[in-house]
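Below you'll find the structure, written out as structure tokens, and then a few comments.
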Amino acid sequence: MVAAGSGIQFMQAALLHQAFGAYFAALVDERGWSKTALSGAAAMQPMESALLGPMLGWIVDRFGPQGMIRIGVVLFGLGFIILSQIDSLFGFYAAFIVIAFGSSLCGFFPINVAIIHWFQVYRARALSSVGLGLALGGVFVPVIAWSIQAQGWRTTAFASGIFAILVGWPLARVFKRNPAEVGETVDGLPVPAPPAAGARSTAGPADQPEFTARQALRTQAFWFISLGHGFALLIVYAVNVHAITHMKEGLGYSLAEASVVITLMTIAQIGGVLLGWWIGDRYDKRRIAGLCMLMHGAGLAMLTYAQGYAMLGAFALLHGGAWGLRGPFMQAIRADYFGRRAIGMILGLSSLVIVFGQIGGPMIAGMLADATGSYMTGFTLLAVLVSAGSLFFLLAKKPSLSAGA
């Protein structure tokens with residue numbers, strides 16, 4: 001399941017999340033659409049995820065993720081096929097509604113919920129392994145950029161849709177609701193024998209408090225984690241949408257050169273994921289996340305004011321490393337704090353908060369770029385905001401079950 005989740009994350013990152021910037025640059029050149037208008041399409045996936053989040057969370061908790069992931073893979077691929085046929089901004093938005101809906105059903109949220117139900121002791125390690133697919137997808141960005149330049153964005157989109165369905169469908173079939181369905185146990189570890197009569201039981205992972213969604217909402221930790229996550233995504237989504245265009249228009253690099261920087265960022269992201277795999281179950285995840293926020297801010301500042309390859313390299317290493325290290329911890333922290341009982345609904349409710357970062361990052365950067373003629377003002381503002389957002393993680397201490405009573 002970890003390998004299948006990693007594969008689907010790779011597919012989405014390679015074809016959509018980290019490749020969107022290449023489509024963005026091509027459509028600005030060919031169609032003359034504004035950066036603000038195209039940024040609105042980038043906001044559709046997180047907006048749909050946020051609006052559907054509580055409902056999807058309830059469905060996953062009650063019925064499991066496997067059916068949802070299979071439907072999502074098909075819709076994701078069909079959306080790209082529709083994209084290859086569009087001739088208007090309205091058609092572009094319509095295609096992205098389908099892509100976004102499919103991405104929500106087979107993406108980060110249901111895959112992570114599925115993995116959380118299978119791991120507890122090795123949870124951070126498992127989620128980091130799934131995140132490795134997301135990171136590796138960025139390595140594929142130069143291939144998408146080359147295809148768009150050599151074959152056109154329509155051919156690239158059509159081929160992406162076919163690829164998504166043919167590869168994603170068998171991966172989606174791997175998912176099972178919980179270990180008991182196939183005779184396994186959480187973490188694959190033996191179930192401990194019950195203590196003898198009169199013996200004192202020792203605390204362990206199984207003693208973790210299990211919050212309901214209502215109890216989680218009453219804790220400060222839920223809101224601080226959600227706000228910190230949302231502030232981080234201000235930069236993640238702004239970079240995914242606008243970094244290539246900034247390097248191309250603002251810094252004078254070609255699409256191919258900009259794609260190489262994104263590839264270096266992805267390599268750093270892979271390094272961050274592997275570091276998280278090693279340290280995630282050993283150290284305080286919230287402190288690590290707070291440090292990553294400062295790395296995100298410093299990295300974006302390097303990109304904004306880059307004077308050469310050294311500063312672009314610093315951006316790639318800082319932002320990519322922070323993203324890879326912090327990203328898988330976001331769901332691991334919530335599961336550590338609130339347990340598995342209602343984790344789907346808790347993550348779904350969290351999406352209503354973090355969506356401001358997913359939508360706000362690209363929109364702030366795009367609108368200020370249209371208004372000022374460059375990305376410097378928008379990127380600088382986002383770098384300051386995400387650095388300040390590190391405080392949210394430092395304040396997000398683990399709650400007791402009585403705190404949510």
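The values are calculated or read from the model by the stated rules, or taken from the named source; none is laboratory data. Just so you know, these numbers come straight off a predicted model, no measurement behind them. Positions of Cβ are generated from backbone atoms using ideal geometry, with glycine treated the same way; all protein chains shown enter the neighbour counts.
Key figures
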| read-out | value |
| --- | --- |
| The lone exception for Ala199 - which of (1) modelled with pLDDT under 90; (2) in a helix (DSSP H, G or I); (3) of a type outside the set (S, T, N, Q); (4) surrounded by fewer than 21 Cβ atoms within 10 Å (Cβ to Cβ) it fails | (2) |
| Whichever residue in region 25-40 is over 17 Å from Ser374 (Cβ atoms) and of a type in the set (Gly, Ala, Ser) and, among such residues, is surrounded by the fewest Cβ atoms within 10 Å (Cβ to Cβ) | Gly32 |
| Set Leu105, Leu78: member being under 25 Å from Asn178 (Cα atoms) and either modelled with pLDDT under 85 or among the hydrophobic types (A, V, I, L, M, F, W, C) (or both) | Leu105 |
| Test: residue in region 254-263 that is within 20 Å of Gly366 (Cβ to Cβ) and surrounded by fewer than 22 Cβ atoms within 10 Å (Cβ to Cβ) | yes |
| Unique residue being buried (at least 17 other Cβ atoms within 10 Å of the Cβ) and among the β-branched types (Val, Ile, Thr) when the list is Ile8, Ile71 | Ile8 |
| Qualifying positions in region 154-194 - hydrophobic (A, V, I, L, M, F, W, C), within 26 Å of Tyr122 (Cα to Cα) and touching a residue at least 40 places away in the same chain (Cβ under 8 Å) | Leu171, Ala172, Val174, Phe175, Val186, Leu189 |
| Which listed residue, of Ser88, Ser103, Ser49, is of a type in the set (Ser, Thr, Tyr), surrounded by 18 or more Cβ atoms within 10 Å (Cβ to Cβ) and out of contact with any His (no Cβ under 9 Å at 6 or more places or on another chain) | Ser49 |
| Enumeration of residues in region 338-369 that are surrounded by 23 or more Cβ atoms within 10 Å (Cβ to Cβ) and over 15 Å from the mean Cα position of the chain (by Cα) | Phe338, Ile343, Gly344, Met345, Ile346, Ala365, Gly366, Ala369 |
| Sole exception among (1) modelled with pLDDT of 85 or more; (2) surrounded by fewer than 17 Cβ atoms within 10 Å (Cβ to Cβ) for Arg62, by number | (1) |
| Conditions (1) in a helix (DSSP H, G or I); (2) out of contact with any Ser or Thr (no Cβ under 8 Å at 6 or more places or on another chain); (3) of a type outside the set (Val, Ile, Thr); number of the one not met by Gly72 | (2) |
| Candidates Leu385, Leu312, Leu381 - the one that is assigned to a helix (DSSP H, G or I), aliphatic (A, V, I, L, M), at pLDDT 95 or above and farther than 19 Å from Thr245 by Cα | Leu385 |
| Candidates Ile235, Ile270, Ile262 - the one that is touching a Gly at 6+ places or on another chain (Cβ under 7 Å) and within 20 Å of Ala332 (Cβ to Cβ) | Ile270 |
| Flag for Ala94 being closer than 25 Å to Met47 by Cα and either crowded, with 24+ Cβ neighbours inside 10 Å or without any contact (Cβ under 8 Å) to a residue 60 or more places away in the chain (or both) | yes |
| Count - residues of region 238-258 that are under 13 Å from Phe379 (Cβ atoms) and among the hydrophobic types (A, V, I, L, M, F, W, C) | 6 |
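Table: residues versus (1) over 25 Å from Gly107 (Cα atoms); (2) of a type in the set (S, T, N, Q); (3) out of contact with any helix residue (DSSP H, G or I) (no Cβ under 7 Å at 6 or more places or on another chain); (4) free of Cβ contacts under 8 Å to residues at least 12 places away in the same chain.
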{"residue": "Cys292", "(1), (2), (3), (4)": "no, no, no, no"}
{"residue": "Tyr337", "(1), (2), (3), (4)": "no, no, no, no"}
{"residue": "Arg341", "(1), (2), (3), (4)": "no, no, yes, no"}
{"residue": "Ser350", "(1), (2), (3), (4)": "no, yes, no, no"}
{"residue": "Gly357", "(1), (2), (3), (4)": "no, no, no, no"}
